[in-house]
Amino acid sequence: MVFSSLIFLYAFLPVFLACYYWAPPRARNGVALLGSLLFYGWGEPRFAGILVLSGLFGYAVSRGLVRTTRPAGRRALVALGVSGHLAVLAYFKYSNFFVDQLNGVLGWLAQGSVVWTAVALPLGISFFTFQKISYLVDVYRGTSPPARSLFDYLLYVALFPQLIAGPIIRYHDVAAQIAGREHSHDRFLSGVWRFSLGLGRKVLLANPLGAVADRIFGQDLSVLPAPYAWIGLLCYAFQIYHDFAGYSDMAIGLGRMMGFEFTENFNRPYTARSVTEFWRRWHISLSNFMRDYVYIPLGGNRAGSARTGINLWLVFLVSGFWHGASWSFVFWGAYHGTLLTLERLIGAARLQRLPAVVGVAFTFALVTVGWLIFRTPTLPDAVVYLGRLTAWSSWNEIWTNPAMLWPDLVSRRTLAVLALAAGFSFITENWWRRHGWDEVLPATRRQAVLRVVFAALCLLLASASLAGQSYNPFIYFRF
Amino acid sequence: MRRRPQVLLAYGFVAWLWLIGILTFLPGLQIGGALRGVVEKPAPPEWSLPGIIDGSSFRAADDWFSAHVGLHNLWVRLDNQVSYTLLRESPVRESGTRVVVGPGDWLFEHVYITAAITPSQLATEELTAMADRIRRVQDKLERRGTRLILIVAPSKVELYPEHVPAAHFAGRDPAAIATTYERLRPLLQEAGVDFYDGPARFAAWKAAGHGSLFARTGTHWSYYAIYHVLEELREMLNPDLRRPIPDLGLTSLDYLQPQRTDTDLHRLLNLLLPPFHEPIQPFPVIRAQTEVADADLPRLLWVNDSFGLGLIDTLYRARAMQPTDCLYYFQNIYSLPGFTRREDAIGELDWPAYIGEFDAVVVVFTEIAVEQQAWGFFEALDTALD
């Protein structure tokens with residue numbers, strides 16, 4: 001199930017909230033866990049089994065860590081736990097990719113091929129695997145207390161607001177909240193506001209932009225006219241941001257409705273003035289994970305600039321591969337690793353001296369080229385697409401292919417949404433702060449009213465858009 | 001914010017979710033009016049163990065819920081209204097008929113615009129073979145005493161390109177593009193096919209100052225135009241019919257708001273607010289004739305797309321043909337009048353015997369559908385009547 005579906009909004013959520021708040025406070029964690037398993041099992045129930053079984057494994061290892069005092073034994077246990085989680089991730093997420101690569105090599109050597117049944121990918125496995133790894137490592141390091149019970153641990157892993165697409169939550173951030181949390185009307189309303197905002201971003205901005213990007217990236221890229229190439233790339237850049245950040249907003253909002261406070265995952269990344277700053281603002285929970293569990297163990301920036309550069313590069317390779325089992329993601333990671341290494345060489349202070357508009361525009365351009373690598377199936381496709389961005393003579397090609405007319409591919413609604421999404425993305429942090437939109441609770445009565453109006457508008461228009469997508473009428477029947 | 005409004009808002013939010021959820025299961029309480037257009041509604045989910053294990057039951061439940069969610073029709077209308085009011089557009093859907101809004105609220109079906117600016121790709125040999133096949137079928141039917149008439153209906157876009165938003169033509173001029181029908185026309189004439197050239201006739205009427213050939217809000221020819229088409233059809237068919245089509249009995253022209261199929265595109269917009277201004281247009285008032293007995297009325301077999309429905313409707317209003325069959329899109333058999341679907345399949349028809357029941361076969365399709373070759377009707381008859 002996904003948050004941006006009518007069945008979630010108008011069936012799962014009301015029933016869940018009613019059960020949650022009707023239950024006595026002691027039983028609310030139980031309702032949350034049951035609801036989370038139902039949420040996850042909806043559509044692919046067998047994957048809920050994988051979630052629970054791998055959770056049992058992680059919990060057993062963590063109990064072992066608590067009981068073992070010998071350092072070697074603890075090291076062996078944490079290595080076992082992390083490897084076990086990574087093995088599950090490798091099987092479900094990467095085995096198809098590796099078998100494809102192997103078959104490619106075997107084919108090249110004329111040695112036949114490995115017979116393999118493709119493995120289906122459980123939803124959100126990348127997120128909950130990293131969450132479980134963070135828990136084990138934190139318990140090993142002593143930065144997190146071990147979960148009080150298996151029940152608490154499963155709730156931490158499976159809590160539905162953050163289960164599918166993060167944020168990747170650290171156990172010590174929510175341990176106290178699992179044990180006991182405040183439920184209040186103002187927090188609940190703050191959650192409704194944040195959820196509605198996220199729903200609006202996902203359904204009203206990201207979905208229409210994604211539909212256009214899909215159509216444009218689905219064309220024959222070698223003859224793609226430049227205007228479409230630009231529109232497609234911009235649509236994708238804003239789609240991926242509002243899709244992901246919108247989902248995080250919804251997760252944070254749903255968490256607040258249940259009394260949880262999750263860490264922020266996005267902080268206006270497109271206003272960053274360098275790629276380094278971008279990564280402090282984009283998918284913050286993943287960046288933190290990579291910093292704490294990969295970059296610092298590799299030596300971080302303590303072993304000279306060359307080693308730091310290599311470490312950064314490795315971290316982004318891993319990060320890229322985490323995003324998906326394809327060379328495109330690896331190249332995307334390498335691209336960002338290279339940019340960060342270069343920025344380190346140039347010096348962050350120098351970049352900050354650039355005029356803000358130049359810094360933001362330049363960073364946005366670099367990040368957007370990265371999205372091109374991320375979105376196209378292969379690196380050569382990305383290079384071809386990049387070439388089409390500057391193929392100005394290709395305007396004429398629009399006239400020769402009526403299936404690609406502007407209004408068909410890019411409606412006024414798309415252009416309006418693109419402008420809205422861009423405007424929303426580039427609002428500065430100062431503006432948000434000055435007007436108090438960053439606060440959990442509204443600071444003034446005026447803002448409280450504005451939040452209610454804006455949330456209602458997002459909820460209504462998103463519902464209308466979702467229902468509209470389900471109604472594609474033909475003028476007359478011809479069945 | 002003070003506590004009381006907070007409590008009200010929090011409960012209001014949850015109550016709202018519940019209300020919509022409950023309304024989903026109470027279809028009788030749907031508000032927003034029935035939506036126009038044809039959709040295939042998802043079936044209710046079947047909860048079976050295999051379905052639950054492989055997830056298909058859940059996916060079916062998702063689809064069913066989305067299509068039946070409380071206030072569904074109101075939501076759809078709201079979404080459409082936002083697009084229409086703010087952007088003068090109908091939302092681009094995954095499938096279905098897409099409506100393009102032109103200046104002055106002239107509405108067009110998108111598929112006609114694409115067709116008007118897409119040059120024909122068929123080889124001349126294929127077009128010649130198409131014309132020859134129709135001629136063969138015409139001859140075979142004639143030998144059995146049944147007249148064939150092919151009616152090619154005009155495209156609103158080809159007739160009124162000046163009302164299509166210019167951006168949709170992307171700098172192309174429909175008049176300068178040879179469509180498949182425009183290439184087929186001389187070949188049909190050369191082959192001696194008896195056909196009604198709707199596009200040419202409508203262009204001539206437009207040039208002669210006839211207005212209201214299409215309503216702004218419809219995709220089909222207007223009732224006014226239909227009357228004139230039928231008059232010309234009578235002239236073409238009657239000399240060869242054992243039982244001619246009687247006089248259509250036009251008594252007057254009423255000037256009314258667009259009605260019935262003249263508003264089909266407007267209705268398909270499914271807006272929330274009342275309709276925009278629609279100029280009045282002439283409607284022929286037809287008197288059902290009583291002079292000719294039922295048995296002496298012609299029996300016509302219809303093979304048609306939706307352009308044929310107006311012709312059929314007008315003929316029955318005039319009581320000008322016998323109850324008959326309609327092979328709609330050559331997919332299913334419908335009994336006329338009433339348009340009731342019959343159980344027997346087209347593929348099981350005994351063509352030589354079946355065709356003999358009719359005085360004439362009337363094939364109607366739009367000029368943009370020429371390449372579909374009457375959905376296989378001519379091929380089927382060409383083979384069956386050997």
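The values are calculated or read from the model by the stated rules, or taken from the named source; none is laboratory data. Being a predicted model, the structure only gives us computed values, none of them experimental. Positions of Cβ are generated from backbone atoms using ideal geometry, with glycine treated the same way; all protein chains shown enter the neighbour counts. Quick note on the areas: whole protein, heavy atoms, side chains included, nothing else; ligands and nucleic acids left out. Shrake-Rupley method; radii C 1.70, N 1.55, O 1.52, S 1.80 Å.
Farthest towards the positive end of the charge dipole of chain A, among the residues A:TYR153, A:LEU197, A:TRP282, is the Cα of A:TYR153, using unit charges on the Cβ of Lys, Arg, Asp and Glu. For the protein assembly as shown, treating each Cα as an identical point scatterer without solvent, what Debye log10 I(q)/I(0) comes out at q = 0.06, 0.08 1/Å? Evaluating at q = 0.06, 0.08 Å⁻¹ gives log10 I(q)/I(0) of -0.54, -0.87.
For chain A, the relative contact order is 17 percent, taking Cα pairs closer than 8 Å that sit 6 or more residues apart in sequence and dividing their mean separation by the residue count. Against the criterion of solvent-accessible heavy-atom surface with a 1.4 angstrom probe, B:PHE365, A:PHE98 sort, most first, into A:PHE98, B:PHE365. Remark: relative contact order (chain B) = 17 percent; criterion is Cα-Cα distance under 8 angstrom and separation of 6 or more residues. How many angstrom lie between the Cα centre of the range B:1-33 and the Cα centre of the range A:72-132? Going from one Cα centre to the other spans 46 Å. Highest GNM mean-square fluctuation among B:VAL38, B:VAL361, B:VAL370, for chain B modelled with Cα contacts below 10 Å: B:VAL38. Averaged over the residues of B:60-70, the number of partner chain Cβ atoms lying within 10 Å of the residue Cβ comes to 5.
Dipole magnitude for the protein assembly as shown: about 5520 debye, using +1 per Lys or Arg Cβ and -1 per Asp or Glu Cβ, origin at the Cα centre. Ranking of B:GLU235, A:GLU429 by solvent-accessible surface, largest first: B:GLU235, A:GLU429 (1.4 Å probe, protein heavy atoms only, all chains present).
Shielding value for A:11-20 is 4, the average number of Cβ atoms from other chains within 10 Å of each residue's Cβ. Listed peptides A:160-169, B:49-58, A:181-190 appear in the order A:160-169, A:181-190, B:49-58 once ranked by packing, highest mean of other Cβ atoms within 10 Å at the front. Take B:74-80, A:380-386, A:28-34 and order them by the average number of nearby Cβ atoms within 10 Å per residue, most first; the result is B:74-80, A:28-34, A:380-386.
Of the residues B:LEU86, B:VAL100, B:ALA61, the one whose Cα sits farthest toward the positive end of the charge dipole of chain B, with +1 on the Cβ of Lys and Arg and -1 on the Cβ of Asp and Glu, is B:LEU86. Centre-to-centre, using Cα atoms only, the range B:91-147 and the range A:261-324 are separated by 58 Å. Its relative contact order, with pairs defined as Cα atoms under 8 Å and 6+ residues apart, puts the range A:215-306 at 15 percent. Taking the charge dipole of the range A:276-353 about its Cα centre, with +1 at Lys and Arg Cβ atoms and -1 at Asp and Glu Cβ atoms, the residue from A:ALA349, A:TRP327, A:ALA303 reaching farthest to the positive side is A:ALA349. Accessible surface calculations at 1.4 Å, restricted to protein heavy atoms, place chain A at 41 Å² per residue. Charging the Cβ of each Asp and Glu at -1 and of each Lys and Arg at +1, and nothing else, the dipole of chain B about its Cα centre rounds to 1640 debye.
With K and R counted +1 and D and E -1, the other residues having a Cβ less than 11 Å from that of A:ASN311 yield a net charge of +4. Counting only protein chain heavy atoms and rolling a 1.4 Å probe, the accessible areas of A:LEU450, A:LEU159, B:LEU309 rank, largest first, as A:LEU450, B:LEU309, A:LEU159. Per-residue shielding of B:73-83, expressed as the average number of other chain Cβ atoms within 10 Å of the residue Cβ, stands at 6. For the range B:182-231, a crude dipole built from +1 on the beta carbon of Lys and Arg and -1 on the beta carbon of Asp and Glu, taken about the Cα centre, is about 260 debye to the nearest 20.
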